[in-house]
Structures are given as C-alpha cells and as structure tokens.
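S.K.: This is the structure, below, for whatever I ask next.
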Amino acid sequence: MRVDVVSIFPEYLAALDLSLIGKARQQGLLELTVTDLREFTSDRHRTVDDTPYGGGAGMVMKPEPWAAALASALERGPFPAGAEGGGAAERPVLVVPSPAGAVFTQATARDLALREHLVFACGRYEGIDERVVDWSREHFEVRPMSLGDYVLNGGEVAVLAMVEAIGRLVPGVIGNPESLVEESHADGLLEYPVYTKPALWRERPVPEVLLSGHHGRIARWRRDRQLERTAARRPDLVASLDPATLDRADRAVLAGAGWVVAGGHVVPAGGDGPAAPVA
Ligand code: 6GU
C-alpha cells in the first residue's frame, strides 16, 4: 500500500516512523510519503491560506497549492507499482480529515486497508476551499472523515490515528493475525477484560474461571463480559447488533442488562423499540 500525507506540519507525522507502522515501512509492506504543502506554493511568503468569501472568522486554505500537491501524490501511483494486477487501475482514495466528515470506524479501516493508494489531505484553519474536493472527485474516491464529535485544530492528529488503524490491518503488518479477531469492534462488541500474573494482586483475585483451563467456559465467560461491558458503555453498539448473531446465553445476558430482541432488533426492554409481534 502507498500512503501519501500532505500537511503544513510534516513534522507532526514523524510518529509514523515508530513502532508497528515504522516496521511495516521497513519491511516494504507500506510506502509512506509525507510532503509539505508549502512546497507547492509559488509566492515568496509560501502562502497557503486566505480570507473567506462571504466573510466570517478564520482563514481558508487556497485551492492551487492543494491541487498541485494532490497531483504530485497521484503521480506516485500505487505501491507496489502495477498493484492493480492487469485489471482496470483502482482509483486512489483521498481521505479529507474533518469534523464535518463521516465517522471513521473499524469498518472504514478494514475497507481502506484493502486499497493500494491512500492520500490524506490535512487541512488547518477553517478548512480547504471546497472546489478542491470537487476537483479531486475527478481523480480520487474522496472520503471526508471525522474521528468523532469533537474539534481538533487540524487533520494531522486524526491522520496519525487513521493510518495506524488502517496500517495494522494491512496483511503481514501484524505478526499474529489472530490477535485481530478478538479485539474490540471486531464483532461489533467491546473487548472482554484481561488479566495476567500474579493470580492474586493486592487482595484482588483473577476471575476463577480463567484459571480453570476449561476453554468452553472461558469463552462463554468472555462473551458474557463483552456483552455486559458493551451494554454499560456503548448502548448504541448493542442496538446495532444483529439478533441472528445472538445465542440463548447472549440473550439472557442482554436481558439482564435491560435489552430484548423484538421485531428483528435489539431494543431496550419495556418500551422505546417496536412492539414484539403477538404469536
Ligand atoms: Cl478528522 N479533523 C479535525 N480537524 N477535527 C476532528 C476530526 C478531524 N475528527 C474529529 N475532530
């Protein structure tokens, strides 16, 4: 996979040299280029922003440096070169981090991990002139993406998060792919709690079942904790569960947490959801 990041603060992206993503780069699984938007300015002051048409606070990023920077990223093409394997060349993806984007989720990360060329356009100030986004649609699949409902000063921190979430899903990047199966959000639930030695620490024992060696009981206990924890912390995720994925034991745990299956959905017990059809 090739990843291009364009930013006026390229130093911000230095963290991508470290740890997992840094290793993936060394192993040739991932080719990452960070470029300074100001390299694509042509005035003496290397200006990247200007006042907004229509007035208002703040500054807006000028379109031409962005078009030049994105065209330069396009020229690099996918990695490895010719990764499209004889078929029609796949469109590169342009990710535009913005609090006005669609929410970036594990499903987004999985989807983008399969692509050959990702370009991230880090905006600052009040954002990038919207015509850059329109123009980019002629060359890229454009994905405005937000980390969640809060505001950062620019896209750089969001890109660090997104590249890490995507990069670790690129085949070969994580040594033991099994570790991806059981983590939070893999199955729409939060991860179960984990423990290590000692078995008794500051008068707190590790849950007995985990010492039993009984794989079936351990798996059931972990699943129960996942369901309880998700119900307590993320009711939105519980409401999105597909009832077809829930066995009797799952439903019993959810009932204890105040959720029932009705009308093909998981809904709060005693109201809110559609009424269960009468048999
Ligand atoms: Cl992707 N960008 C900015 N500037 N703020 C954010 C965000 C992104 N996601 C949440 N807040």
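The values are calculated or read from the model by the stated rules, or taken from the named source; none is laboratory data. Bear in mind that the values here come from a model prediction, so they are computed numbers and not experimental data. So basically every Cβ, Gly included, is an ideal-geometry build from the backbone, and we count neighbours across all protein chains shown. Heavy atoms of the whole protein, side chains included, go into the accessibility calculation; ligands, DNA and RNA do not. Shrake-Rupley method; radii C 1.70, N 1.55, O 1.52, S 1.80 Å.
S.K.: What does the convex hull of the alpha-carbon atoms of the range 192-249 project to on average, in nm²?
M.R.: So the mean shadow area of the Cα hull is 5.0 nm².
S.K.: Against the longest principal axis of the chain, how steep is helix 215-233, in degrees 0 to 90 to the nearest 10, with axes from Cα atoms?
M.R.: Helix 215-233 sits at roughly 60 degrees to that axis.
S.K.: Per residue, how large is the accessible surface of the chain? Use a 1.4 angstrom probe and give square angstrom.
M.R.: Per-residue value: 57 Å².
S.K.: If you take the Cα atoms of the range 77-174, find Rg, then find the Kirkwood Rh from the mean of 1/r over all pairs, what is Rg/Rh?
M.R.: When Rh is taken as the Kirkwood radius, the ratio is 0.98.
S.K.: Something else about it: Can you give me the P(r) profile for the chain? Cα pairs, bins 5 angstrom wide beginning at 0, each as a whole percent.
M.R.: Final binned percentages: 1, 5, 10, 12, 13, 12, 11, 10, 9, 8, 5, 3, 1, 0, 0, 0.
S.K.: A further question follows. Between Ala239 and Val181, what is the label-to-label distance in nm when each label sits 7 Å out along the Cα-to-Cβ direction?
M.R.: Result for the modelled spin labels: 3.2 nm.
S.K.: Report the Stokes-Einstein translational diffusion coefficient (µm² s⁻¹, integer) for the range 27-85, Rh taken as the Kirkwood radius over Cα pairs, at 4 °C with viscosity 1.567 mPa s.
M.R.: Rounded, D is 93 µm²/s.
S.K.: For the pair Ala88/Asp134, report the inter-label distance in nm, with labels modelled 7 Å from Cα in the Cβ direction.
M.R.: 2.5 nm
S.K.: On full extension of the chain, what length is gained from Arg248 through Ala100, given 0.36 nm per residue of separation minus the C-alpha to C-alpha distance?
M.R.: Roughly 49.2 nm would be gained on extension.
S.K.: Ser184 accessible area, nearest 10 Å², 1.4 Å probe?
M.R.: Accessible surface of Ser184 is approximately 40 Å².
S.K.: Moving to a separate point now. Whose amide H sits under 5 Å from the amide H of Asp4, counting only residues 5 or more places off or on another chain, with H placed in the peptide plane?
M.R.: Thr33, Leu118, Val119, Phe120
S.K.: Once you list every other residue whose beta carbon is under 10 Å from the beta carbon of Ile128, what net charge do they have if Lys and Arg are +1 and Asp and Glu are -1?
M.R.: -1
S.K.: For the chain, with only Lys/Arg (+1) and Asp/Glu (-1) charged at the beta-carbon, what is the dipole magnitude about the Cα centre, in debye rounded to 20?
M.R.: Dipole about the Cα centre, nearest 20: 1000 debye.
S.K.: Counting only protein heavy atoms and using a 1.4 Å probe, what share of the accessible area of the chain belongs to carbon plus sulfur, as a whole percent?
M.R.: Ligands and nucleic acids excluded, carbon and sulfur reach 54 percent.
S.K.: Please say if the range 1-134 is rounded, prolate or oblate, where rounded means a/c under 1.5 for a ≥ b ≥ c the square roots of the C-alpha gyration tensor eigenvalues, and otherwise the choice is prolate for a/b larger than b/c and oblate otherwise?
M.R.: Here the range 1-134 falls in the prolate category.
S.K.: If you line up the long axis of helix 63-76 against the longest principal axis of the chain, both from Cα atoms, how many degrees apart are they, to the nearest 10?
M.R.: 70 degrees
S.K.: Working from Cα positions, state the angle (0 to 90°, nearest 10) between the long axis of helix 156-167 and the longest principal axis of the chain.
M.R.: Between the helix axis and the principal axis of the chain, the angle is about 60 degrees.
S.K.: Continuing with this model, one more query. Can you work out the base-10 log of I(q)/I(0) for the range 114-266 at q = 0.14, 0.15, 0.16, 0.20 1/Å, using the Debye formula on its C-alpha atoms alone?
M.R.: -0.96, -1.02, -1.08, -1.25
S.K.: What does the charge count around Pro10 come to, taking other residues whose C-beta lies under 15 Å from its C-beta (Lys +1, Arg +1, Asp -1, Glu -1)?
M.R.: -3
S.K.: Quick check: from the Cα gyration tensor, does the range 131-172 come out rounded (a/c under 1.5), prolate or oblate?
M.R.: oblate
S.K.: Assuming R0 = 25 Å, what is the FRET efficiency of Ala81 and Arg46, from their Cβ-Cβ distance, to the nearest 0.05?
M.R.: 0.20
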